[in-house]
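First the structure, in the form of structure tokens, and then the observations on it.
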Amino acid sequence: DKAIITPTTFTALLLMAVASTMLTTPLATPLLKRLGERVRAAA
């Protein structure tokens, strides 16, 4: 362990990564579905 970042900083970064994923997934899913429908309609 090189102790480049503290365990507290690591935990904060990990929680922010999980939270940002949880926030963007509900927004991205309908957008990706609509995009897929447009691609199929254009083909």
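Here's the yes/no breakdown for (1) surrounded by fewer than 10 Cβ atoms within 10 Å (Cβ to Cβ); (2) over 17 Å from the mean Cα position of the chain (by Cα); (3) assigned to a loop (DSSP other than H, G, I, E, B):
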{"site": "4", "(1), (2), (3)": "yes, yes, yes"}
{"site": "9", "(1), (2), (3)": "no, yes, no"}
{"site": "12", "(1), (2), (3)": "no, no, no"}
{"site": "15", "(1), (2), (3)": "no, no, no"}
{"site": "28", "(1), (2), (3)": "no, no, no"}
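Regarding residue 23, is this residue under 12 Å from the mean Cα position of the chain (by Cα) and assigned to a helix (DSSP H, G or I)?
So residue 23 fits the description; yes.
Could you check how many residues of segment 7-43 are of a type in the set (Val, Ile, Thr) and at pLDDT below 95? Steps first, answer last, please.
Start the filter on segment 7-43 by keeping residues that are of a type in the set (Val, Ile, Thr), which leaves 8-9, 11, 18, 21, 24-25, 29, 39.
When the remaining residues are screened for being at pLDDT below 95, the result is 21, 24-25, 29, 39.
Adding up the residues that qualify gives 5.
The values are calculated or read from the model by the stated rules, or taken from the named source; none is laboratory data. Source: prediction; values computed, not measured. Positions of Cβ are generated from backbone atoms using ideal geometry, with glycine treated the same way; all protein chains shown enter the neighbour counts.
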